[in-house]
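S.K.: Once you've had a glance at the structure underneath, I'll fire off some questions.
The values are calculated or read from the model by the stated rules, or taken from the named source; none is laboratory data. Please read all numbers here as calculations on a predicted model, not as lab measurements. Here the Cβ positions follow ideal geometry from the backbone for every residue, glycine too, while neighbour counts run over all protein chains shown.
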Amino acid sequence: RIFLFLNLQKYKYQSLRLLYYLLLKPLSYMPLWLLYGLANGIYFIIYKVLGYRKQVVWANLSNSFPDMPEAERQALMRRFYRHMSELMVETLWCFSLSEKRLQKSLQVKNPELLDKYYEQGRSVVLVLGHYGSWEFVLAGLNYFVRHRVATIYIPLTSKTLDRAFHRMRLRFGAEMISKKDFAANMQAGSMEPRAIIFGADQSPSISKNIYWTEFLNQETAVALGVEKYAKKYDMPVLFTWLHKRARGRYEVEFELITDRPQDEPPGTITEKHVRLMEKQIRQRPELWMWSHRRWKKKREVAG
């Protein structure tokens, strides 16, 4: 059985490798307008045919917007699946993204907000959600700011896809730091100011170091990583707004949460970035990743 399992895993990884090099990589060189035609087909398959995670999406929308009429919620769900289909081809496009195309697709409204911290030699924390086309930010933000951009990540099981995403995000000088190596990496690179991107809208993977709050009308567990590391290394915390201006065109805007994290009471930084995340989602809810099982962790009842 072990031998069979290992063989199946081997064929799985080989299939993913072939898929990437024979299909995904060549497709990434296509014009974005042409890829959006492909997105229409993806939408039909994942929404109409497969119904990919429809129950999860519907439950999340129903619990988050209980007062929204059902017809409006159905329309929102369709818009979300449209967005997810376009997100897939935009991410694919990023595999071969050039500097010229990047400048047309991503703009930063106020990069100067980070400048004084760079001049002080201080690294900063950028809070980013799974909202809009976040891969544009991960791949291209380093081009627009003076800090060296670093992303905290969990390696993918497929080595081929993991390397592909690495190359995509490293093309413009960003840095990838695995979650388990973060503390050691911070010490080793302490002389170089970084803008460290934290994804702060997923369900925590562990049961300790959790902050409970209400988020989108539901009791929600939030990881304390942003607050913990900001205080430990005295890093200013900024929320990263991502505005979709048109198909394939996004604008980043930074908003300062605090530049004195060690003076903030426990939970305050976390509460602030959760409220900003919620505000962003409510502005254009179809751009958030509703297919995630965000509320799978429930608070344990004592006794």
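S.K.: I'd like to verify a number: residues in region 18-70 that are among the small types (Gly, Ala, Ser) and closer than 25 Å to Asp162 by Cα, how many? Before you say what the answer is, go through the steps one by one.
M.R.: Step one: of region 18-70, the residues among the small types (Gly, Ala, Ser) are 28, 37, 39, 41, 51, 59, 62, 64.
Those still in the list that are closer than 25 Å to Asp162 by Cα too: 28, 39.
The total comes to 2.
For (1) among the charged types (D, E, K, R); (2) more than 26 Å from Tyr81 (Cα to Cα); (3) at pLDDT 75 or above, each residue gets a yes or a no:
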position: Asp115; (1), (2), (3): yes, yes, yes
position: Tyr118; (1), (2), (3): no, yes, yes
position: Arg148; (1), (2), (3): yes, yes, yes
position: Thr151; (1), (2), (3): no, yes, yes
position: Arg171; (1), (2), (3): yes, yes, yes
position: Glu192; (1), (2), (3): yes, yes, yes
position: Asp201; (1), (2), (3): yes, no, yes
position: Ile206; (1), (2), (3): no, yes, no
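S.K.: Within region 168-189, take every residue that is touching a Phe, Trp or Tyr at 6+ places or on another chain (Cβ under 8 Å) and not aromatic (Phe, Trp, Tyr) and give me the one that is farthest from Leu92 (Cα to Cα).
M.R.: The initial filter retains those residues of region 168-189 that are touching a Phe, Trp or Tyr at 6+ places or on another chain (Cβ under 8 Å), namely 168, 172-173, 176-179, 182, 186.
Still in the list and also not aromatic (Phe, Trp, Tyr): 168, 173, 176-179, 186.
On the way: Met168: 10, Gly173: 19, Met176: 19, Ile177: 22, Ser178: 22, Lys179: 24, Met186: 30 Å.
Result: Met186.
S.K.: Give, as residue ranges, the strands (runs of 3 or more DSSP E) completely inside region 86-203 that count at least 1 residues that are outside the structural domain of Trp33 (by TED's automatic domain parsing) and basic (Lys, Arg). Walk me through it before giving the result.
M.R.: Numbers: elements: 106-108, 124-128, 148-153, 175-178, 194-199.
So the answer is 148-153, 194-199.
S.K.: Considering only region 247-286, how many residues are of a type in the set (A, V, I, L, M) and either part of a loop (DSSP other than H, G, I, E, B) or not assigned by TED's automatic domain parsing to the domain that holds Glu119 (or both)?
M.R.: First, pick out the residues of region 247-286 that are of a type in the set (A, V, I, L, M): 252, 256-257, 269, 274, 276-277, 281.
Still in the list and also either part of a loop (DSSP other than H, G, I, E, B) or not assigned by TED's automatic domain parsing to the domain that holds Glu119 (or both): none.
Residues in region 247-286 being of a type in the set (A, V, I, L, M) and either part of a loop (DSSP other than H, G, I, E, B) or not assigned by TED's automatic domain parsing to the domain that holds Glu119 (or both): 0 in total.
S.K.: Can you name the condition, by its number, that Met235 falls short on among (1) surrounded by fewer than 15 Cβ atoms within 10 Å (Cβ to Cβ); (2) not in a helix (DSSP H, G or I)?
M.R.: Among (1) surrounded by fewer than 15 Cβ atoms within 10 Å (Cβ to Cβ); (2) not in a helix (DSSP H, G or I), the lone unmet condition for Met235 is (1).
S.K.: Within region 42-63, is there a residue that is surrounded by fewer than 14 Cβ atoms within 10 Å (Cβ to Cβ), at pLDDT 90 or above and assigned by TED's automatic domain parsing to the domain that holds Phe144?
M.R.: No, because not a single residue in region 42-63 is surrounded by fewer than 14 Cβ atoms within 10 Å (Cβ to Cβ), at pLDDT 90 or above and assigned by TED's automatic domain parsing to the domain that holds Phe144.
S.K.: Here are some conditions: (1) more than 23 Å from Val57 (Cβ to Cβ); (2) surrounded by 13 or more Cβ atoms within 10 Å (Cβ to Cβ); (3) touching an Asp or Glu at 6+ places or on another chain (Cβ under 6 Å). Ile257 meets all but one. Which one does it not meet?
M.R.: Every listed condition holds for Ile257 apart from (3).
S.K.: Can you list residue pairs whose Cβ atoms sit under 6 Å apart, with the first residue in region 65-89 being charged (D, E, K, R) and the second being crowded, with 17+ Cβ neighbours inside 10 Å and at pLDDT 95 or above? Count only pairs 6 or more apart in sequence or on different chains.
M.R.: Arg73/Leu61; Arg79/Glu286; Arg82/Tyr43; Glu86/Ala39
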